[in-house]
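What follows is a short report on a single structure.
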Amino acid sequence: MGGVMEEEVVRGFLRRFLEKFPAPLGSEDPLPLNPLSRKVSLDELRGESLDLGLRLLNTRDAPSTLNAAMCHAALAELLKADLSPFHLPQEAEQQQGEEQEVVLLQSEPVQRLFLNKLREVGVAWHQNLPSPLPVGPSRFLVCSAHAIRNTRRKMEDRHVTLPDFNTLTGLKDGVERGYYAVFDGHGGVDAAIYAATHLHVNLSQQEGLQSDPATAFKTAFTRTDDMLRGKAKRERLRSGSTGVAVLLQGEWLHVAWLGDSQSMLVRRGQDITLMDPHKPEREDEKQRVEDLGGCIVFMGCWRVNGTYAVSRAIGDFDQKPYVSGDADCSSTRLHGDEDYILLACDGFFDVVRPAEVPALVLGALREQGESPGAVEGAGCEDVSEGVLGERVAQELVAHAKAAGSSDNITVMVVFLRPPAQLLLQDQSNTAVATEGPAQE
């Protein structure tokens with residue numbers, strides 16, 4: 001929803017929200033949704049609370065910008081509260097093993113308090129709407145995302161769409177931002193969930209986000225990996241995740257990645273390389289591992305020390321530093337003629353070449369454009385049936401599966417121009433190719 005939200009839309013949602021949440025949760029009342037963890041550190045509280053709030057509000061069909069604004073306001077109130085009643089006693093094992101004391105909170109009661117703060121925000125805003133009303137991003141964005149488990153026993157991918165990055169994280173520096181990410185877990189889904197919950201929060205807290213976004217992105221990945229290390233040690237977790245994250249910041253596109261999940265740009269129908277995925281067989285990655293005393297061996301595919309088929313990842317602490325947690329980052333200036341960004345896991349890119357993507361996307365747009373009821377729409381929340389461009393990711397996933405992928409498949413397409421414009425440009429190019437250039 002572009003521009004200032006209409007007052008009646010906001011009031012209507014707040015009224016429906018309060019009808020379903022008429023009174024604060026009592027100390028024994030069950031939570032409407034399960035929190036991600038039973039125990040949460042103070043560093044993890046922001047990400048886990050925002051995740052819970054967004055999941056709850058998304059089930060209420062609120063506009064994404066309002067969701068983000070309410071969650072940010074509720075989190076700000078939560079962090080002002082005295083959280084000491086929720087502190088857990090430090091375990092002896094933790095006392096001996098941690099270099100510094102980590103304060104852990106009981107997740108369920110502290111998240112009950114957060115949801116009550118969210119309700120308080122709804123009550124206050126229903127009585128007096130905030131001024132100005134939350135404003136959505138001015139950039140026209142349609143986001144199509146689709147993920148399938150495929151033939152694998154478990155679904156270990158996660159993805160994140162945050163067109164309202166600034167609103168959710170409280171940034172007010174005047175620079176418009178949107179954040180999108182795909183995480184491909186292995187050995188369990190814990191690392192992928194963790195990265196999807198905390199990476200964007202850690203990124204927002206970097207002082208150099210505007211002046212040095214590459215360093216900010218790399219630091220955020222490292223911070224997320226370090227936080228997961230503490231949780232993995234406390235809870236004996238063993239999993240890892242590759243990841244690719246995109247930050248649209250003003251006129252710039254920043255991409256950061258660990259492992260073989262990838263992102264690519266399409267400009268005027270041509271695929272543009274943004275990154276070189278980390279794979280064990282990549283010569284510089286092989287040399288890095290060998291310089292550390294490790295090895296790359298072929299066991300059905302190339303693996304680090306005969307274990308993981310990725311050379312960089314969040315988690316995988318039993319193979320650090322051979323499996324590195326150091327992200328790479330690239331930056332590209334946008335000129336306004338870009339079509340879209342595509343993010344996907346290796347379940348897609350293992351069977352689809354980047355050069356094939358533009359034709360596949362256009363084919364999906366043509367198919368939907370010819371169907372009755374197709375309309376233009378904006379926004380990166382789950383778009384409603386009939387919005388032009390919404391089924392593109394679903395078509396790409398189906399193509400990858402038909403091409404032989406048996407892995408989890410996640411695809412996200414973030415359109416930088418209205419999909420209808422891409423169809424019109426395609427029709428114009430087709431007419432020129434058929435009829436030849438106009439004669440003067």
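The values are calculated or read from the model by the stated rules, or taken from the named source; none is laboratory data. Everything quoted here is computed from the prediction, not taken from an experiment. Quick reminder, even Gly has a Cβ in these numbers, built from the backbone with ideal geometry, and neighbours come from all protein chains shown. We work out accessible area using only protein heavy atoms, side chains counted, and drop any ligands, DNA or RNA first. Shrake-Rupley method; radii C 1.70, N 1.55, O 1.52, S 1.80 Å.
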Quiz item: When the residues of the range 153-173 are filtered to those that are without any contact (Cβ under 8 Å) to a residue 12 or more places away in the chain and in contact with a helix residue (DSSP H, G or I) (Cβ under 9 Å, 6 or more places away or on another chain), which remaining residue is surrounded by the fewest Cβ atoms within 10 Å (Cβ to Cβ)?
Solution: Lys172
Self-check item: Flag if Ala62 is in a helix (DSSP H, G or I) and either buried (at least 22 other Cβ atoms within 10 Å of the Cβ) or touching a helix residue (DSSP H, G or I) at 6+ places or on another chain (Cβ under 9 Å) (or both)
Solution: no
Quiz item: Can you name every residue in the range 303-343 that is crowded, with 19+ Cβ neighbours inside 10 Å, farther than 23 Å from Lys231 by Cα, aliphatic (A, V, I, L, M) and within 22 Å of the chain's Cα centre (by Cα)?
Solution: Ile341, Leu342, Leu343
Quiz item: Do you know which of the residues in the range 405-440 that are assigned to a helix (DSSP H, G or I) and hydrophobic (A, V, I, L, M, F, W, C) is modelled with the lowest pLDDT?
Solution: Ala433
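With the range 170-268 as the region, which strands (runs of 3 or more DSSP E) entirely inside it contain at least 2 residues that are in contact with a Gly (Cβ under 7 Å, 6 or more places away or on another chain) and either within 25 Å of Glu281 (Cβ to Cβ) or modelled with pLDDT under 95 (or both)? Don't jump to the end; show me each part of the working.
On the way: elements: 177-186, 240-249, 252-258, 262-267.
Per the criteria, 177-186, 240-249, 252-258.
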Quiz item: For Gly347, are the conditions met, namely being surrounded by 20 or more Cβ atoms within 10 Å (Cβ to Cβ) and modelled with pLDDT under 90?
Solution: no
Self-check item: Filter pass, Ala393 being modelled with pLDDT of 65 or more, in contact with a Cys (Cβ under 9 Å, 6 or more places away or on another chain) and among the small types (Gly, Ala, Ser)
Solution: yes
Quiz item: Of (1) in contact (Cβ under 8 Å) with a residue 24 or more places away in the chain; (2) within 28 Å of Leu253 (Cβ to Cβ); (3) buried (at least 21 other Cβ atoms within 10 Å of the Cβ), Leu118 satisfies all except one. Which?
Solution: (2)
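When you scan the range 81-98, do you find a residue that is assigned to a loop (DSSP other than H, G, I, E, B) and under 20 Å from Thr224 (Cβ atoms), even just one? Quick ask: steps written out before the conclusion?
Within the range 81-98, the subset assigned to a loop (DSSP other than H, G, I, E, B) is 81-83, 88-91, 98.
Checking the rest, the ones that are also under 20 Å from Thr224 (Cβ atoms) come to 98.
Yes, that holds for at least one residue.
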Quiz item: Among the numbered criteria (1) modelled with pLDDT of 95 or more; (2) in a loop (DSSP other than H, G, I, E, B); (3) open to solvent by 50 Å² or more (accessible area, probe 1.4 Å), which single criterion is violated by Asn150?
Solution: (3)
Quiz item: When the residues of the range 396-433 are filtered to those that are touching a Cys at 6+ places or on another chain (Cβ under 8 Å) and not aliphatic (A, V, I, L, M), which remaining residue is surrounded by the most Cβ atoms within 10 Å (Cβ to Cβ)?
Solution: Thr410
Quiz item: Residues of the range 121-147 being open to solvent by less than 40 Å² (accessible area, probe 1.4 Å), touching a Ser or Thr at 6+ places or on another chain (Cβ under 7 Å) and at pLDDT 90 or above, which ones?
Solution: Cys143, Ala147
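Report, by residue number, each residue of the range 190-219 that is among the small types (Gly, Ala, Ser), farther than 23 Å from Lys154 by Cβ and touching a residue at least 40 places away in the same chain (Cβ under 8 Å).
Answer for the range 190-219, where residues must be among the small types (Gly, Ala, Ser), farther than 23 Å from Lys154 by Cβ and touching a residue at least 40 places away in the same chain (Cβ under 8 Å): just Ala214.
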Practice problem: Determine the pairs where a residue that is within 15 Å of Asp260 (Cα to Cα), located within the range 309-325, has a partner that is among the β-branched types (Val, Ile, Thr) and surrounded by fewer than 24 Cβ atoms within 10 Å (Cβ to Cβ) with Cβ atoms under 7 Å apart, the partner being 6 or more residues away or on another chain. | Solution: Ser311/Val289; Gly325/Thr222
Exercise. Take the range 269-292 and flag every residue that is surrounded by 16 or more Cβ atoms within 10 Å (Cβ to Cβ) and part of a loop (DSSP other than H, G, I, E, B).
Key: Leu274, Met275, Pro277, His278, Lys279, Pro280, Arg282
Self-check item: Qualifying positions in the range 10-24 - among the aliphatic types (A, V, I, L, M) and out of contact with any Leu (no Cβ under 9 Å at 6 or more places or on another chain)
Solution: Leu18, Ala23
Exercise. Please go through the range 8-53 and pick out each residue that is touching a residue at least 60 places away in the same chain (Cβ under 8 Å), crowded, with 16+ Cβ neighbours inside 10 Å and under 18 Å from Pro134 (Cα atoms).
Key: Val10, Leu14, Phe17, Leu50, Gly53
Practice problem: Could you please let me know if Gly243 is on the phi > 0 side of the Ramachandran plot and either open to solvent by less than 10 Å² (accessible area, probe 1.4 Å) or not acidic (Asp, Glu) (or both)? | Solution: no
